[in-house]
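The values are calculated or read from the model by the stated rules, or taken from the named source; none is laboratory data. Keep in mind it's a predicted model, so treat the numbers as computed, not measured. Cβ: placed from backbone, ideal geometry, glycine included. Neighbour counts: every protein chain shown. Side chains are part of the model used for accessible areas, which takes the heavy atoms of the whole protein and leaves out ligands, DNA and RNA. Shrake-Rupley method; radii C 1.70, N 1.55, O 1.52, S 1.80 Å.
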Amino acid sequence: MSANTNVQKIVPFEGSKLSKKEQIASMFDDIAYRYDFLNHFMSLGIDVIWRRKALKYLKSLQPKKMLDVATGTGDFAVMAEKRLHPESITGIDISEGMLSHGREKIKKLGLEHKISLQLGDSETISFADETFDAITVAFGVRNFENLEKGLAEMRRVLKPGGKLVILEFSNPTVFPIKQLYNSYFRLIVPLIGKFVAKSKAAYSYLPESVKAFPQGEEMRTILLNTGFPAVTCKTLTFGICSIYCATR
């Protein structure tokens, strides 16, 4: 059975006739206006530290041309610009609502000449082979409708020697972190989503999608099978988050 099968079964709106991709786009359109606030609030700001650690994997590479997949409102792209100083960063996402908020942010920061956000699908990336020096994905791969296809597409547009860095939630296994984490995500997060973003479904989907997503050695094997010859996995904060670094 494909590792993608279990992930694809988890959708934001049970009973909907829309595809997972369409549901994800609709969900993020609905919560875009509160997305950045909730990200930082629910992680107690630790997500900023995680992003910094992920970008360190690209420091020695000194990428000139970068792609940020599932860019959302462009948070990771903005941080990458400040810390890595590439010549250009392109962010793609399937949610126009998220991109719209991101473009406003980038304009306020005066970074339009460096960061471009556009509607795009991870499974059909509209760039030529070997276009980018580095690709980043922060908390987005578990939302792919077809995980292997998305990873293969990212490998295709990555230059030989280039790096793909994926930052994603994972399930901690250490007591009592595991129990606290599960309770927080199952009970508290959906309530925060309901009252702050007016979308309980979006934040009920989050823990379910994390639980179903392949992690650690399983995810590393998927990346190797996709054609990346070198893949590392590093867990952060008691296993709550993982960084996967794959070199083409």
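The table below lists the values:
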read-out	value
Criterion (open to solvent by less than 20 Å² (accessible area, probe 1.4 Å) and either under 24 Å from Pro207 (Cα atoms) or in contact with a helix residue (DSSP H, G or I) (Cβ under 7 Å, 6 or more places away or on another chain) (or both)) met by exactly one of Val141, Val157	Val141
Cross-chain or 6+ apart pairs with Cβ under 6 Å, the range 177-194 first and on the phi > 0 side of the Ramachandran plot, then exposed (fewer than 12 other Cβ atoms within 10 Å of the Cβ)	none
Scope the range 156-178; condition at pLDDT below 90 and of a type in the set (S, T, N, Q); matching residues	Asn171, Thr173
Residue that is surrounded by the most Cβ atoms within 10 Å (Cβ to Cβ), among those in the range 208-232 that are touching a Cys at 6+ places or on another chain (Cβ under 8 Å) and of a type outside the set (S, T, N, Q)	Met219
Identity of the residue in the range 40-76, part of a helix (DSSP H, G or I) and open to solvent by less than 30 Å² (accessible area, probe 1.4 Å), that ends up farthest from Phe185 (Cα to Cα)	Leu55
Pairs, first in contact (Cβ under 8 Å) with a residue 12 or more places away in the chain in the range 118-141, second assigned to a strand (DSSP E or B) and open to solvent by 30 Å² or more (accessible area, probe 1.4 Å), C-beta under 6 Å, six or more apart	Glu130/Lys159; Phe132/Lys65; Asp133/Lys65; Asp133/Lys159; Ala134/Lys163
